[in-house]
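One structure is given below, encoded as structure tokens.
Values quoted throughout were computed directly from the atomic coordinates according to the rules given, and no laboratory measurement underlies them. Keep in mind it's a predicted model, so treat the numbers as computed, not measured. Glycine gets a Cβ as well: all are built from the backbone with ideal geometry, and neighbour counts include every protein chain shown.
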Ligand code: NAD
Ligand code: USQ
């Protein structure tokens, strides 16, 4: 298959591109390298030493003989370049990762909010519009988020995209239907993903574009079989207060002896997936596209749920690190339960990597190995959700600490 990967230089996009190339697909990466520029803006960098995209691609070709093309295009801005590329290459599938993906970054300031909205909504709409204008029957697989649902469900399992409802008509007849699960975003970033869903629903209905929307949980881990085959192919590992996600942050903090930064009581429950399973899920999604005219196919791309304080305890028990309960910079429920259906991927053959299998390896082989590259001043989460929190922000405050 010929596959265009938008955002193919990023944390999920790079290992996905290599995985698909390794399977024999022809891969074309499109990326504007904005994520590398944001590292410059934040004066933060990946814990792992990622190489420039040119070296990444040359290394892959040297090792495997397989060529991956790269085009530096801003998908949100350069519509005509994107359209021309699609018409030229005629891909059967496009995987769309090309969005600003950090919730804290999206909340940093009015300009970060506006950038995230402009970038993400225009990127998604441009891809859809270009697919239709190209006249080609291209399957679009998009990386969405579990955060579109919100994280509270009154005990029920979150379904895969659609909620069965029953309405009573004026005649008293009971009519059953399935609706898009009500959106409940918790940040400007998550809000852009809820809006993406409406673009997808519209283009699937109006233009019969074949679309898969993958509602992915928090990705943990660093490398996949392909990215670990040579150090020049290494994947990025974000640990800073804006881009680092919770479990990878805890692993890195444990490796450098920094108390694990649990927000509030750590009662937030979230869904997780290992990066190796991310690339496998995308492969499965591409191998099982919806039919033309189908509604958007939505799959929950996650394998387990965990409470933040339980993750901290797990990492602390494994490494002996202290846990610090810090004031929560976010506006989110202090405690929530989360139950999620992920039957569709399990039925397609996903065999999940569990935390118990991979955690220790991540600490010793990645976090400890590159600990010398860490800048502890970049760890605190300084982006607050509301102006009230901003005003009363205790700098690097700690509510309480406990040791294992
Ligand atoms: P990332 O920031 O590492 O990668 C995104 C890539 O897209 C970057 O290389 C960036 O340069 C590129 N990009 C952004 N805007 C672009 C534009 N306008 N034009 C061209 N390229 C652009 O993020 P990631 O962690 O790899 O996430 C990829 C996707 O998966 C995102 O859409 C994110 O919302 C989703 N996702 C990620 C996670 C996670 O835990 N990392 C979890 C759920 C969903
Ligand atoms: N948290 C801590 N301590 C930290 C960092 C985070 O307690 O040091 C808490 C947060 O307050 C939050 C939870 O951990 O309650 C998750 O935060 P996160 O930064 O790991 O994840 P999130 O902001 O939700 O975003 C990440 C990705 C995003 C993706 C999302 C999937 O950055 O791209 O969409 O996970 S999901 O969470 O399922 O919506």
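To the nearest 0.05, what FRET efficiency results for residue 43 and residue 372 with a Förster distance of 25 Å applied to their C-beta separation? Calculated transfer efficiency: 0.90. For the stretch 93-217, the Kirkwood radius over C-alpha pairs fed into Stokes-Einstein at 25 °C and 0.890 mPa s yields D = 154 µm² per second. For the residues 67, 295, 176, a GNM of the chain with alpha-carbon springs under 10 Å puts the largest fluctuation on 176.
Which distance in Å, rounded to a whole number, links the C-alpha centroids of the stretch 29-92 and the stretch 166-222? Value for the Cα centre distance between the two parts: 29 Å. Each Cα pair of the stretch 242-325 feeds into the Kirkwood radius, which the Stokes-Einstein equation turns, at 37 °C and 0.692 mPa s, into a diffusion coefficient of 220 µm²/s. A helix-only calculation puts the chain at -11000 deg cm²/dmol for mean residue ellipticity at 222 nm, using -39500 (n - 2.57) for each DSSP H run of at least four residues, averaged over all residues. What distance in nm separates the simple spin-label points at residue 1 and residue 231, each placed 7 Å from Cα in the Cβ direction? Between residue 1 and residue 231, the simple spin-label model gives 3.5 nm. Could you tell me whether the stretch 267-385 comes out rounded, prolate or oblate from its Cα gyration tensor? Rule is a ≥ b ≥ c as square roots of the eigenvalues, rounded for a/c under 1.5, then prolate if a/b exceeds b/c, otherwise oblate. It comes out prolate by the Cα gyration axes.
Take the Cβ atoms of residue 265 and residue 175, set R0 to 41 Å, and the FRET efficiency comes out at 0.45. One decimal place: the segment residue 109-residue 154 gains 12.9 nm when fully extended, by the rule 0.36 nm per residue minus the C-alpha distance. Placing pseudo-labels 7 Å out from each Cα toward the beta carbon at residue 317 and residue 90 gives an inter-label distance of 5.7 nm.
Computed over the stretch 209-261, the alpha-carbon pair-distance distribution with 5 angstrom bins reads 4, 16, 19, 18, 18, 12, 7, 3, 1, 1, each value a whole percent. By definition, a body whose alpha carbon gyration tensor gives a ≥ b ≥ c is oblate when a/c is 1.5 or more and a/b is not larger than b/c, and the stretch 180-242 fits this oblate description. Annotation: extensible slack from residue 335 through residue 208 equals 41.7 nm (criterion: 0.36 nm per residue apart, minus Cα-Cα distance). With neighbour counts taken as other beta-carbon atoms within 10 Å, the residues 368, 205 rank, fewest first, as 205, 368.
Just so you know, the Rg over Rh for the stretch 1-134 is 0.98, from Cα atoms, with Rh as the Kirkwood radius. Spread over its residues, the convex hull of the C-alpha atoms of the chain is 144 Å³ per residue.
The order of 156, 252, 55, going from fewest to most other C-beta atoms within 10 Å of their C-beta, is 156, 55, 252. Using C-alpha pairs under 8 Å with a sequence gap of at least 6, the mean separation divided by the residue count of the chain gives a relative contact order of 20 percent.
Alpha-carbon geometry of the stretch 71-151: the Rg and the Dmax are 14.0, 42 Å, given in that order. Debye-formula intensities of the stretch 170-312, expressed as log10 I(q)/I(0) at q = 0.20, 0.22 Å⁻¹, are -1.32, -1.41 (one equal scatterer per alpha-carbon, no solvent). With a simple spin-label model that places each label point 7 Å from the Cα along the Cα-to-Cβ direction, the separation between residue 388 and residue 51 comes to 5.1 nm.
Shape of the stretch 69-108 from its Cα gyration tensor (a ≥ b ≥ c, root eigenvalues): rounded if a/c is under 1.5, otherwise prolate when a/b > b/c, or oblate? Prolate is the answer for the stretch 69-108, as a/c is 1.5 or above and a/b outweighs b/c.
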